[in-house]
Structures are given as C-alpha cells and as structure tokens.
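The values are calculated or read from the model by the stated rules, or taken from the named source; none is laboratory data. None of these values were measured; they are calculated from a predicted model. No Cβ is skipped: glycine too gets one built from the backbone with ideal geometry, and neighbour counts run over all protein chains shown.
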Amino acid sequence: MTAVHFESYTEARAHLKDLLDAAGQGRVATIRRDTEYAAVVDAARLRHALTLLCPSKAEVVAEDGGWSVFYPGLPIAADGATFDQAVDDMLDALRDYADDWQDRLQAAPNHRNNWGLVQLIALSDDTQLRAWLLGEAR
C-alpha cells in the first residue's frame, strides 16, 4: 500500500473515498491546495498520538474540605466538594479552554503552541478526556 497524495482540492474531492480510506488505514494521505499542504488522518489514530505527545500536567490537591484541579501554565482550574466533582468541573474547563482557543486564543503568543492540547480535547469523549487528565491509560 502506498501513500495517497492529491495536488489540488478538485482532484482530492474527486477521490475523497480513496483519501478517507487511506487515512482510515493509517497510510499517508495528503492534499496540496495552492501553497498549503494538508494531511488527512484517522481521528482515533491522531488522538492516540496526541495522548503520547501531550501527557496531562494536571495537578489535583485536597484543600479546605474540597478538591482543586489546575493545569500549570494555563488559565484552567476547577474546584469541587468531592474529587469526582472537581474532575468533572475540570473537564468542562478544558472544553471551555478549547472553545476559547478556537475562537481567539490561537493567535496569542502564550497560547499559540497549545494546538495539540486543543485537538486532544476536541477528539476525546468525556471518558477518554477524564482518563487522560488523570494519567490513566486509554
């Protein structure tokens, strides 16, 4: 099996099934559009790779009769009366951050390099995101 590459959007559109089949099989699948070059990848494979490239840095602490979760270096934190409530609130905070990044933070110098984290958040369901956040294998 070989890589699949199309030199134009029009050519890729005419062979969309081939492009998606290649991506689903884990083969290199690319499209050139003017001066841009894009890769089409299977979402599950990309998510798995991102979990390896972006390990969770979340810290969980018990304080004042409750729990706090924060992500060093990012404006993301959550609190809860129980551990599970704090983690659930952190999942919401991560999703809010990913939305904010898509809307406006991606150009900010201190957020620009968080592309991988945002992709990981967007490609994860709550169970997967929780497992990643807590450093559990999934």
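How many residues, within region 84-121, are hydrophobic (A, V, I, L, M, F, W, C) and surrounded by fewer than 16 Cβ atoms within 10 Å (Cβ to Cβ)?
3
Among the numbered conditions (1) in contact with a strand residue (DSSP E or B) (Cβ under 6 Å, 6 or more places away or on another chain); (2) touching a residue at least 60 places away in the same chain (Cβ under 8 Å); (3) surrounded by fewer than 16 Cβ atoms within 10 Å (Cβ to Cβ), tell me where residue 58 comes up short.
Just one mismatch for residue 58, condition (3).
Which condition from (1) at pLDDT 95 or above; (2) part of a loop (DSSP other than H, G, I, E, B) is the one that residue 99 breaks?
Every condition holds for residue 99 apart from (2).
Kindly evaluate residue 91 against the criterion of being at pLDDT 95 or above and within 30 Å of residue 2 (Cβ to Cβ).
In short, no.
Does region 51-70 contain any residue that is touching a Ser or Thr at 6+ places or on another chain (Cβ under 9 Å), assigned to a helix (DSSP H, G or I) and either farther than 30 Å from residue 13 by Cα or modelled with pLDDT under 95 (or both)?
Yes: one or more hits.
With the checklist (1) hydrophobic (A, V, I, L, M, F, W, C); (2) over 13 Å from the mean Cα position of the chain (by Cα); (3) within 30 Å of residue 19 (Cα to Cα) in hand, flag the one item residue 49 doesn't pass.
With respect to (1) hydrophobic (A, V, I, L, M, F, W, C); (2) over 13 Å from the mean Cα position of the chain (by Cα); (3) within 30 Å of residue 19 (Cα to Cα), residue 49 is out only on (2).
Looking at region 1-27 only, could you name the residues that are small (Gly, Ala, Ser), assigned to a helix (DSSP H, G or I) and closer than 24 Å to residue 124 by Cα?
Residues satisfying the conditions are 22, 23, 24.
Name the residues in region 102-138 that are more than 12 Å from residue 56 (Cβ to Cβ), part of a loop (DSSP other than H, G, I, E, B) and among the acidic types (Asp, Glu), would you?
125
Quick one: count up the residues across region 19-40 that are surrounded by 15 or more Cβ atoms within 10 Å (Cβ to Cβ) and either within 17 Å of residue 9 (Cβ to Cβ) or modelled with pLDDT of 95 or more (or both).
Number satisfying all stated conditions: 8.
Assuming residue 30 fulfils every condition listed in (1) touching a residue at least 12 places away in the same chain (Cβ under 8 Å); (2) not in a strand (DSSP E or B) apart from one, which condition is it?
Residue 30 satisfies all of (1) touching a residue at least 12 places away in the same chain (Cβ under 8 Å); (2) not in a strand (DSSP E or B) except (2).
If you take the residues of region 71-89 that are in a strand (DSSP E or B) and of a type in the set (A, V, I, L, M), which of them is farthest from residue 101 (Cα to Cα)?
78
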